[in-house]
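See structure below.
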Amino acid sequence: MRCLQDNADQSLAEIAAAVGLSQSPCWKRIKRLENEGYVRERVALLDRDLLDLGVTVFVSVRTNQHHETWLREFAEAISAIPEVVEFYRMSGDVDYLLKILCRDISDFDRIYKSLIKRTALRDVTSSFAMEQIKYTTRLPI
């Protein structure tokens with residue numbers, strides 16, 4: 001799994017050599033990990049800056065709506081906004097936390113207006129990331 005996290009594009013021979021197996025048992029293990037859901041998908045990680053998505057905004061949402069129908073509608077509305085790349089239901093003072101990637105402040109304002117038009121919210125607070133100090137897609141296994 002560590003080899004796949006580091007580079008899912010490695011050849012089977014490279015992965016097998018790294019884990020000390022021949023290719024056939026290595027292939028079987030990879031297939032088993034995929035079939036059992038440990039490996040959900042293999043993706044390409046794109047360069048955000050080259051795609052002009054250099055601004056990260058964390059949006060804290062508080063609501064006075066705490067019922068299943070509202071949550072389902074809210075989740076559907078958020079899922080329809082492609083710039084929202086992460087979406088969490090939280091404990092504590094904040095009900096929901098969104099991570100949004102966008103071009104600039106005016107692009108975020110467009111996304112914000114889309115968000116508040118889709119559903120009733122009590123309080124929305126946006127925090128702009130000044131610097132990304134650590135980022136990884138690797139899970140600590």
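Summary of computed values
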| read-out | value |
| --- | --- |
| The range 94-118, residues that are in contact with a strand residue (DSSP E or B) (Cβ under 9 Å, 6 or more places away or on another chain), open to solvent by 30 Å² or more (accessible area, probe 1.4 Å) and under 14 Å from residue 71 (Cα atoms) | 97 |
| Selection count, the range 8-46, where residues are open to solvent by 70 Å² or more (accessible area, probe 1.4 Å), assigned to a loop (DSSP other than H, G, I, E, B) and out of contact with any helix residue (DSSP H, G or I) (no Cβ under 8 Å at 6 or more places or on another chain) | 9 |
| Selection within the range 110-122 - in a loop (DSSP other than H, G, I, E, B) and either touching a helix residue (DSSP H, G or I) at 6+ places or on another chain (Cβ under 9 Å) or modelled with pLDDT of 90 or more (or both) | 119, 120, 121 |
| Condition met for residue 133 (farther than 24 Å from residue 44 by Cβ, modelled with pLDDT of 95 or more and open to solvent by 100 Å² or more (accessible area, probe 1.4 Å)) | no |
| Residue that is surrounded by the fewest Cβ atoms within 10 Å (Cβ to Cβ) [pool: residues in the range 50-75 that are modelled with pLDDT of 95 or more and polar (S, T, N, Q)] | 60 |
| Of residues in the range 76-93 being loosely packed, with under 14 Cβ neighbours inside 10 Å and of a type in the set (A, V, I, L, M, F, W, C), the one nearest to residue 45 (Cα to Cα) | 85 |
| Condition met for residue 125 (of a type in the set (Ser, Thr, Tyr), touching a residue at least 40 places away in the same chain (Cβ under 8 Å) and in a loop (DSSP other than H, G, I, E, B)) | no |
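Conditions (1) touching a Lys or Arg at 6+ places or on another chain (Cβ under 6 Å); (2) more than 30 Å from residue 107 (Cα to Cα); (3) among the aliphatic types (A, V, I, L, M), marked per residue:
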| position | (1), (2), (3) |
| --- | --- |
| 4 | no, yes, yes |
| 22 | no, yes, no |
| 30 | no, yes, yes |
| 33 | no, yes, yes |
| 44 | no, no, yes |
| 50 | no, no, yes |
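Let's see how each residue does on (1) more than 19 Å from the chain's Cα centre (by Cα); (2) over 15 Å from residue 125 (Cβ atoms); (3) not in a strand (DSSP E or B):
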residue: 48; (1), (2), (3): no, yes, yes
residue: 65; (1), (2), (3): yes, yes, yes
residue: 77; (1), (2), (3): no, yes, yes
residue: 100; (1), (2), (3): no, no, no
residue: 108; (1), (2), (3): no, no, yes
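The values are calculated or read from the model by the stated rules, or taken from the named source; none is laboratory data. Since the structure is predicted, the reported quantities are computational estimates derived from the model, not experimental observations. Here the Cβ is made from the backbone with ideal geometry for all residues, glycine too, and neighbour counts use every protein chain on show. The area values use the complete protein model at the heavy-atom level, side chains included, leaving out ligands, DNA and RNA. Shrake-Rupley method; radii C 1.70, N 1.55, O 1.52, S 1.80 Å.
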